[in-house]
Amino acid sequence: MTLHAKLGASGGRAGSLRMVDLFRLHDWSATALGDRDGWSSVLRTTVDMMLASLHPMCVLWGPQRIVLYNDGYAEILGARHPRALGLPTEDVWPELWAEIAPLIDRTFRGESLAFHDQSFTMTRNGFEEQVWYDFAYSPLRDEHGEVMGLLNVTSDCTARHRALEQLRESEAFMRDVLVASNDCIKVLDLDAKLVFMSEGGKRVMEVSDFGAIAGCPWPDFWEGAGNLAANEAIASARAGVASAFQGYADTMKGSRRYWDVQVSPIVGADGTPERILSISRDVTELKAAEEARAVLAQELAHRMKNAFAMVQAIVTQTLRQAKSMEEGRAAVSQRLSALGRAQDILTRSNFTEADIHDVVATAIEPHRIVEDRIAWSGPHFVLTSQQALGLSLAIHELATNAAKYGALSNEAGHVVMAWKIADGAFAFDWVEAGGPPVAPPGTRGFGSKLIERIVASYFEGEGRLTFDPAGIRFRLTGLPGGVASEA
C-alpha cells in the first residue's frame, strides 16, 4: 500500500498516510457527499467497516458514484492513489468505464453480482497492463430500502491466473525440459528413497533401468563427507528448509563424478513437506579447474616470492657496491627494467616458461643501436621461468658493460651470442670482438657475481667470465630447463 501511495502522491504528506488518516484530512465539503458529519448512518457504518478491513474494498456512492476506498484498494489504484479519493468512478477508471458502468447500474438497481477471474486492461500506472480480478458488487440500501451505493469487495488474482495459464501450457514443455536437461532431477519420499528420476538425469547418471534403483536410499549413493552432507540435507528438507552441498558420487557404471546438489522440500496442501526434490549437476570439470587454479595460485605465490627475493638481492648488492647514490640508482633501475622485460615474456605462458630466442631478443633489444653489431643463433627450446629471468639479467649485465667499456663502446665492435644442447647439456656463449683492449678489473662487482654464480645456479651449472684482451667472453653451462622445439 505504501508503495502505491508514494507513487501516487502529488505533494505534501498525503501519499504516506493510511486511509483512515486521509479520510479525516480530506475536504469532503468540496465533494458531492458534503461534510462527513452529514453522511447517512449507512454510509458512515459502511465506511468504518471498510477502513477496518484488510481486504481490498471500495464504496461507490450516490448518483455520481463517488469512490471511497480502504488501504487494500489503494494498491489496486496504483499511481491514481490518493487523488482518486472522493472522485466519480468515471474519472477514476476512465479506461474501464464502458465495461463496468452497466454492472454498476445493475447493482444500483438492486442486483448483487459476483465475478471470477475477470480480465481488465488498466492504465493506472501510465501504461497498459492486463490484470485479472475476483470481485463482488453488493447494493447498499438506506433505512427505506433504497439503493444509495455499492460495496465492491475485490482481490487481484492476476498471479493466480497467470500461474494456472502457464501450468496448462507447460506440461508438455516440462517433459521436454526434463529430457533435455543434463541435471539429474530426482524426487524422494520423506525416507529419502528414490521415487522419480528425470530422463536427462538417467542419462548423466548412466542409469539404464530405473526400476533397479527405485526405492533405494538416496544418501547411500554418496561417499565419505558427501554421505554425511546428503543425510543433513535430507534432515533439513524434512524440516522444510532447502539446502545445498557438493560431493563425489559414482554413476551406475562406476564413473566418478563431482556434483553440485540442491535439496528442497516439496510442500503439500497443508504446508508441510510431503516429498523431497533433489537436483544434482555434474561439475566435475569445474572442480578440476578449481583445483588447477589453486595449484596455479600456490605456484604464482612461490614465483612472486622468488621474484621479490631477486629484486631485493639486486637492490641490496647494487647499492652496496655503487660508488655514488646516483650510480646505484641508475644501475638498480636498469637491472629492474631488464627483470621486467623478462617478466613480460613469462606472462605469455602464465609465468611458467619462455623460449630462449624470445628471452635473448627481448634482453638485448635496448642495446641494438646498429642492427649488424649484435647477432645470435641456436636452437629453439624452452627455459624455466627462473632460467629465463637469470639469462635475461646476465645478457643485460654483459650488454651494459659492453656499451660502457667493451665491443659496443666504439664504432667497430660487435657481439655474438650462440647456444647449443649436446648430450643433454646446455651451453651459452657471449663473445665480444673489435672493441677496446680488455684488461681484468681489480675487483669483481655485483654484476660479475650475478652472471657467474646466481644465474649459473638456475641452470645447475657454471658461469665463467673471461677477460680476453680481444674481448670479453662469457660461457654458461648447465642443464636445459625445458625441451627442444622446432624453429
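Just so you know, all these numbers are worked out from the coordinates, no wet-lab data involved. Quantities reported herein were computed from a predicted structural model and do not represent experimental measurements. Don't worry about glycine lacking a Cβ; one is built from the backbone with ideal geometry, like all the others, and counts go over all protein chains shown.
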Discussion item. So if each residue of separation counts as 0.36 nm, and I subtract the Cα-Cα distance between residue 285 and residue 90, what length gain in nm does that give?
Written reply: 63.8 nm
Worksheet item: From the square roots a ≥ b ≥ c of the eigenvalues of the alpha-carbon gyration tensor of the range 421-469, which class results: rounded (a/c under 1.5), prolate (a/b over b/c), or oblate?
Response: oblate
Worksheet item: Near the amide H of residue 376, under 5 Å away, which other amide H atoms are found, from residues 5 or more places off or on another chain, if H is placed in the peptide plane?
Response: 417
Practice prompt. Once you have all Cα-Cα distances for the range 245-286, histogram them in 5 Å bins from zero and send the whole-percent values.
Written response: 6, 21, 21, 17, 13, 10, 8, 4, 0
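For the range 66-149, run through the chymotrypsin sites (Phe, Trp or Tyr not before Pro) and keep only the ones in DSSP coil with at most 10 other Cβ atoms within 10 Å of their Cβ.
Numbers: sites: 69, 73, 97, 108, 115, 120, 127, 132, 133, 135, 137; in loops: 127.
Here the chymotrypsin sites (Phe, Trp or Tyr not before Pro) that fit, given the DSSP loop and packing criteria, are 127.
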Practice prompt. Read phi for every residue in the range 211-223 and hand back ³J(HN,Hα) as whole Hz from Karplus 6.51 cos²θ - 1.76 cosθ + 1.60, θ = phi - 60°, with x for Gly and Pro.
Written response: x, 6, 10, 4, x, 6, x, 4, x, 5, 6, 9, 10
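Quote the Stokes-Einstein diffusion coefficient, in whole µm² s⁻¹, for the range 79-120, based on the Kirkwood radius over alpha carbon pairs, a temperature of 20 °C and a viscosity of 1.002 mPa s.
Answer, rounded: 183 µm²/s.
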Worksheet entry | Karplus-derived HN-Hα couplings along the range 195-207 (A = 6.51, B = -1.76, C = 1.60, θ = phi - 60°), whole Hz, x at Gly and Pro | 10, 8, 9, 5, 4, x, x, 4, 5, 6, 8, 6, 9
Worksheet item: For residue 196, which sequence-distant residues (separation of 5 or more, or a different chain) have an amide H within less than 5 Å of its own amide H, given hydrogens modelled in the peptide plane?
Response: 187
Fill in: Proximal aspartates and glutamates to residue 420, defined as alpha-carbon separation beneath 14 angstrom and excluding residues fewer than eight positions away on the same chain
355, 429, 486
Fill in: All aspartates and glutamates inside 14 Å of residue 287 as judged from Cα atoms, apart from same-chain residues fewer than 8 positions distant
260
Fill in: FRET efficiency for residue 37 and residue 146, using Cβ-Cβ distance with R0 set to 25 Å, rounded to 0.05
0.70
Worksheet, complete the sentence: Taking every other residue with Cβ under 11 Å from the Cβ of residue 191 and scoring Lys and Arg +1, Asp and Glu -1, one gets +2
Worksheet entry | P(r) weight above 11 Å for the range 97-142, C-alpha pairs, percent | 71
Item to complete: Run through every distinct alpha carbon pair of the range 219-272 and return the Kirkwood hydrodynamic radius in angstroms, one decimal place.
Response: 11.9
Worksheet, complete the sentence: extent check for the range 50-168: Cα max minus min per principal axis, descending, whole Å, gives 50, 30, 29
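Write out the trypsin sites (Lys or Arg not before Pro) in the range 56-93 meeting two conditions: DSSP loop, and at most 14 other Cβ atoms within 10 Å of their Cβ.
Loop-located and lightly packed - none at all.
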Worksheet item: Considering amide H positions built from the backbone, and no H for Pro or chain starts, which residues 5 or more places from residue 468, or on another chain, come under 5 Å of its amide H?
Response: 473
